Structure formats: C-alpha cells, structure tokens
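Read the structure below first, then the notes.
The values are calculated or read from the model by the stated rules, or taken from the named source; none is laboratory data. Given the structure is predicted, the values throughout are model-derived calculations rather than measurements. Ideal geometry is used to build each Cβ from the backbone, glycine not excepted, and the neighbour counts take in all protein chains shown.
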Amino acid sequence: MIPAMRVAVASLFAAAIAAGPTAGQTLRFHGTIEPVRSRVVTVPRLTGSGTGPIIIVRLVKAGTLVKRGDPIVEFDRAAQLKTAHDREAEYRDFVEQINQKRADQMTARAKDETELAQAVTAARRAELDMLDRDLIAPLKAEQNALVLEETRAKVTQLRQTFDLKRRAAAAELRILEIQRDRANNAWQHAEHNADTMRIVAPIDGLVVLKTIWKNGQFGEMQEGEEVRGGQPILDVVDTSAMRVRTRISQADIGYVRVGQRAQITLDSYPARSFAGRLDQLSMIGATSGLSSRVRTFLATFTIDGTDPHLLPDLSAAVDLEPVTDK
C-alpha cells in the first residue's frame with residue numbers, strides 16, 4: 001500500500017474513533033466458530049531403530065461422533081511387530097548366554113578351589129616335615145625347606161591367578177548383562193511402538209480431519225497414506241461448548257465489556273441465531289496490516305447451548321449493543 005493510502009486509512013480510523021457508534025447502532029464483528037475444548041491427534045513419534053514407514057491402515061471418517069476410548073486411527077504395525085520379535089529373540093539369547101556363562105564359571109571356580117585346596121594341603125604337609133629338621137640329615141632338611149618354599153609360592157601364585165580369573169569372569173558376565181539389558185530396552189521400545197500404532201479418542205466429541213498438501217492441492221488425510229512422526233491427523237472436538245473468535249478494532253474497543261450479551265449468526269445458516277456473551281478480551285492490541293497506528297484486540301464470545309449446526313471453522317457474525325461509561 002502506498003504511503004498516501006496508509007495515511008488515508010489511518011485518518012478514517014481516527015475519525016471513526018472520534019465519532020463512535022450512533023445511538024441505537026449495533027456493533028457487528030466477524031469471526032470463526034471454534035470449540036472451547038478439543039484434542040489434536042498426531043502421528044506417534046517412534047523410538048529405537050527398525051521402525052520403518054508409518055502408513056495409515058484405518059482412519060475414522062470425518063464428522064463421526066466418538067466416545068472416549070473409541071479407536072480412531074490405526075497404522076501398519078508389521079515393521080514394529082517384526083522388530084519387537086527380533087529384539088525379544090536377542091534378549092532371550094543373551095539370557096541363555098548368561099546362564100551358560102554362569103554355569104561354566106561355577107565349574108571353573110570349583111576346579112580352581114580344588115586345586116588351591118590341594119596346594120594349601122601340600123604346603124601344610126611341608127610345614128610339618130620342617131618340624132623334625134633337627135632330627136634328620138642336613139641334606140634332607142634342606143630339601144624339605146625347598147619344598148616348603150615351593151608349595152607356599154604355588155599357593156600365593158594360585159590365589160593371585162584365581163583372583164584375576166574371578167575379575168575377568170565378572171567382567172565377561174557384566175558385558176553380557178549390559179547386552180541383555182540393551183536388547184531388553186530395544187524390545188520394550190519396539191513393543192511400545194507397536195502399541196502406539198493404535199490410537200483411541202482422548203475425549204468425547206466430533207472428528208475433524210486435518211488437511212495436508214498432496215498432489216498439488218490440499219486434501220484430507222486418507223487410509224493408505226504414509227505420514228511422518230508428530231504430524232497432526234485430526235481433531236476431536238467437544239461440540240457441547242463452542243465459541244466465536246474475532247478481532248475488535250481500536251475504534252470499537254471502548255464500547256465493549258467482558259460479560260456483555262451478544263447475538264451470533266452463522267454465515268452458512270443466516271436464519272439461525274444464537275445467544276452468547278463476551279468471555280475474553282485481550283488487554284494488548286495487535287498491529288493492523290493497514291497501518292502501524294491501527295490496532296485490533298482479540299475477543300472470544302461463548303455461545304449458549306448446543307446445536308448440530310455449530311461446527312468448527314464456520315464463519316459467524318457477532319452483533320451487540322455498544323456500551324459507554326457513564
């Protein structure tokens with residue numbers, strides 16, 4: 001917009017603010033119907049590896065009324081189930097390896113303890129032979145002393161060797177246990193991924209499918225389409241409480257109050273009218289695209305009662321009588 005036009009628009013708004021609505025004039029605002037309460041259903045974000053593509057195999061039809069807990073979306077779980085079975089097999093294989101390793105270590109430990117006991121017995125026998133060293137020939141006594149030294153050295157060596165063996169065995173067992181735990185975590189991730197492939201309604205409400213860009217145009221989600229994790233699929237809308245979201249210009253902001261009664265009309269059904277009231281009004285205005293000096297304020301009007309014609313994203317008009325401070 002050229003500067004002259006911006007100045008002209010700003011001047012018109014300034015004049016409107018100065019003049020205000022005339023006596024008996026009704027203020028009209030235009031907005032969009034939206035639910036007070038709704039839940040967005042998104043494609044689950046899978047964890048772990050081997051997740052594969054996410055394809056919709058079952059999708060509830062748009063406009064369906066669902067109850068909380070009703071199935072609404074299901075994705076192809078073949079890849080997740082296969083991954084879960086593979087990870088389960090790995091986990092059980094590591095469990096068997098750990099059991100076998102423990103059995104082998106127990107056998108080796110028993111063998112080592114037997115060998116150590118024999119060495120200790122030989123050392124004690126050599127100690128007994130040294131008790132009569134004064135009664136035997138010097139050469140024999142010297143031989144007994146060498147045997148005692150040798151048996152004691154063997155006992156010390158066996159104890160050190162067996163201690164190293166025990167530490168190595170514990171490390172080998174710990175490595176297998178870590179691998180087992182990782183396989184178990186991968187199995188649990190895969191099981192969780194398979195479970196998240198089925199989504200149920202989080203609340204009672206109306207199903208509103210999301211639109212996506214496909215084949216050069218916008219269209220609703222459909223069965224058989226491949227989607228990505230975190231992508232919104234649909235909204236479950238509680239139609240028992242609806243409201244209108246609109247914007248009020250700074251020219252009219254002084255003539256509306258929170259709690260003020262209003263009359264709401266749907267553009268699609270002009271013959272139908274609904275009572276409502278101003279429920280929320282923002283305290284800070286947003287800059288208008290026409291001029292930086294023109295601001296608008298976000299407002300929401302709640303609608304009394306329920307009606308099947310009150311659907312999300314329908315355009316509506318809000319009429320209310322202006323109020324002024326006395």
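Key figures
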{"item": "Residue list for segment 97-112, restricted to those being without any contact (Cβ under 8 Å) to a residue 12 or more places away in the chain and farther than 19 Å from ILE175 by Cα", "result": "THR107, ALA110, LYS111"}
{"item": "Scan of segment 235-289 for residues that are of a type in the set (Ser, Thr, Tyr) and not in a strand (DSSP E or B), ordered by number", "result": "THR239, SER240, TYR255, SER268, TYR269, SER282, SER288"}
{"item": "Per-region count, segment 268-303, residues closer than 23 Å to THR239 by Cα and out of contact with any His (no Cβ under 8 Å at 6 or more places or on another chain)", "result": "17"}
{"item": "Close pairs (8 angstrom Cβ cut-off, 6 or more residues apart or separate chains): without any contact (Cβ under 8 Å) to a residue 60 or more places away in the chain in segment 65-85, surrounded by 13 or more Cβ atoms within 10 Å (Cβ to Cβ) and small (Gly, Ala, Ser) anywhere", "result": "ALA78/GLY52; ALA79/GLY50; ALA79/GLY52; LYS82/GLY50"}
{"item": "Options GLY230, GLY285, GLY259, GLY254: the member that is at pLDDT below 90 and on the phi > 0 side of the Ramachandran plot", "result": "GLY230"}
{"item": "Matching residues in segment 297-326 - criterion: being in a loop (DSSP other than H, G, I, E, B), among the charged types (D, E, K, R) and within 17 Å of VAL256 (Cβ to Cβ)", "result": "GLU321, ASP325, LYS326"}
{"item": "Pair list, Cβ under 6 Å, 6 or more apart: segment 293-314 residue more than 10 Å from VAL244 (Cα to Cα), other residue of a type in the set (Val, Ile, Thr) and outside any strand (DSSP E or B)", "result": "PHE297/ILE253"}
{"item": "Among (1) modelled with pLDDT of 90 or more; (2) buried (at least 19 other Cβ atoms within 10 Å of the Cβ); (3) within 27 Å of LEU310 (Cα to Cα), the one test that MET221 misses", "result": "(1)"}
{"item": "Residue in segment 129-141 that is exposed (fewer than 12 other Cβ atoms within 10 Å of the Cβ) and of a type in the set (Lys, Arg) present", "result": "no"}
{"item": "Failed condition for ALA275, given (1) free of Cβ contacts under 8 Å to residues at least 60 places away in the same chain; (2) within 17 Å of PRO35 (Cβ to Cβ)", "result": "(2)"}
{"item": "Subset of segment 61-119 [touching a helix residue (DSSP H, G or I) at 6+ places or on another chain (Cβ under 6 Å), closer than 30 Å to LEU148 by Cβ and not small (Gly, Ala, Ser)]", "result": "ASP112, LEU116"}
{"item": "Single match in ALA190, ALA251 (criterion: outside the structural domain of ILE284 (by TED's automatic domain parsing) and more than 30 Å from GLY63 (Cα to Cα))", "result": "ALA190"}
{"item": "Positions within segment 230-284 being of a type in the set (D, E, K, R) and under 17 Å from VAL323 (Cβ atoms), in sequence order", "result": "ASP252, ARG257, ARG261, ARG277, ASP279"}
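To keep it simple, each residue is scored yes or no on (1) within 25 Å of ILE178 (Cβ to Cβ); (2) more than 57 Å from the chain's Cα centre (by Cα); (3) modelled with pLDDT under 85.
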{"residue": "PHE94", "(1), (2), (3)": "yes, no, no"}
{"residue": "ASP104", "(1), (2), (3)": "yes, no, no"}
{"residue": "ALA108", "(1), (2), (3)": "yes, no, no"}
{"residue": "LYS111", "(1), (2), (3)": "no, no, no"}
{"residue": "THR114", "(1), (2), (3)": "no, no, no"}
{"residue": "GLN118", "(1), (2), (3)": "no, yes, no"}
{"residue": "ILE136", "(1), (2), (3)": "no, yes, yes"}
